[in-house]
Each structure stands twice: as C-alpha cells, then as structure tokens.
Amino acid sequence: MLRQGRVRTNGNGHAPRGTRRGRTIVLSEDERALVLAACERYRQLLPVYLASSQPELQLLRTVLRKLS
C-alpha cells in the first residue's frame, strides 16, 4: 500500500527518473555565505583518495559552484 503524496521508488530507495521535482531555495546573501563556508569546511573532511568518496566529492563541487 502506498501513502498518498509520496513518490513510488523502484525498490532501492531511488525514485524512477523523471519523477523527482527540484525546488528552488531562496537564500539571503548571509545564508548563502554561511552554506558556502560550511560546504568548503566539509570538503576538507572528505577522504578524496578513496574511490567511494568520489560521487560525494562531485556533488559537493557542483553545490559549491552553484553557491559561488
């Protein structure tokens, strides 16, 4: 039984392609600067030499580029 208002997943916790909807988040200049600083600090904690960190690192780079 599916709950109303929830996206049905394909069994692995991910929604099928095309069913996710993006939301625009409006941040003030101070909020944007704070999130950017937090992301930059977090990037320093990632063990970038591990292959398992590469997808997370790429996502973080994308977020940093959008916030810059």
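Observations on the structure shown:
- Residues of the range 36-68 that are outside any helix (DSSP H, G or I) and without any contact (Cβ under 8 Å) to a residue 24 or more places away in the chain: 44, 45, 46, 47, 48, 49, 50.
- Selection count where residues are out of contact with any helix residue (DSSP H, G or I) (no Cβ under 9 Å at 6 or more places or on another chain) and under 25 Å from residue 27 (Cβ atoms), scope the range 40-67: 10
- Scan of the range 20-51 for residues that are under 16 Å from the mean Cα position of the chain (by Cα) and surrounded by fewer than 12 Cβ atoms within 10 Å (Cβ to Cβ), ordered by number: 20, 21, 22, 23, 24, 25, 26, 37, 38, 41
Coordinate-derived values only; no laboratory data. Given the structure is predicted, the values throughout are model-derived calculations rather than measurements. Heads up, the Cβs are rebuilt from the backbone with ideal geometry, glycines too, and the neighbour counts pull from every protein chain shown.
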